[in-house]
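Enquirer: What follows is a single structure, and I will ask about it in a moment.
FYI, it's all coordinate maths here, none of it is from the lab. Source: prediction; values computed, not measured. A quick note on method: Cβ atoms are made from the backbone with ideal geometry, for glycine too, and the neighbour counts reach across all protein chains shown.
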Amino acid sequence: MTEPSVWNKRRMGALMGGGVGLTIGFLFGSWSIMQHGAGPRGVLSTLSKTMLSSAATFSFFLAIGSVIRNDALEGAYPQTRLVATPAILSRAEGFQLMRARWEEERRRASAFRR
């Protein structure tokens with residue numbers, strides 16, 4: 001079983017963030033409408049604006065967070081596994097590791113397409 005690629009993780013994070021954002025936007029938008037009224041735009045327009053802005057914000061940040069929180073160092077890429085994983089890598093080491101992961105993903109994607 002292969003681990004999802006970075007782009008798949010980004011997409012999953014964005015979808016989860018969108019769902020959470022829509023829910024939070026509905027709750028806070030409904031509360032705001034009940035407390036302050038709908039305003040000149042009307043109930044549906046005000047609620048949808050709140051829900052969409054909340055969904056976009058959550059989606060953006062969860063997509064970034066799910067890419068940053070990439071646990072691939074644990075063995076998904078055996079050729080790039082470090083003997084003793086340091087807490088902080090140098091720029092050159094991080095770039096080498098990132099480039100090796102990209103090459104591995106390209107290799108897997110091209111093998112999958114065949």
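Enquirer: So what are the ³J(HN,Hα) numbers for the stretch 98-103, from phi and the Karplus equation (6.51, -1.76, 1.60; θ = phi - 60°), rounded to whole Hz, Gly and Pro as x?
Expert: 5, 5, 5, 5, 4, 4
Enquirer: Where does the charge balance sit around Ile64 when Lys and Arg score +1, Asp and Glu -1, over other residues with C-beta under 12 Å from its C-beta?
Expert: +3
Enquirer: A further question on this structure: If amide hydrogens are placed 1.01 Å from N in the peptide plane, which non-local residues have theirs closer than 5 Å to the one on Ser5?
Expert: none
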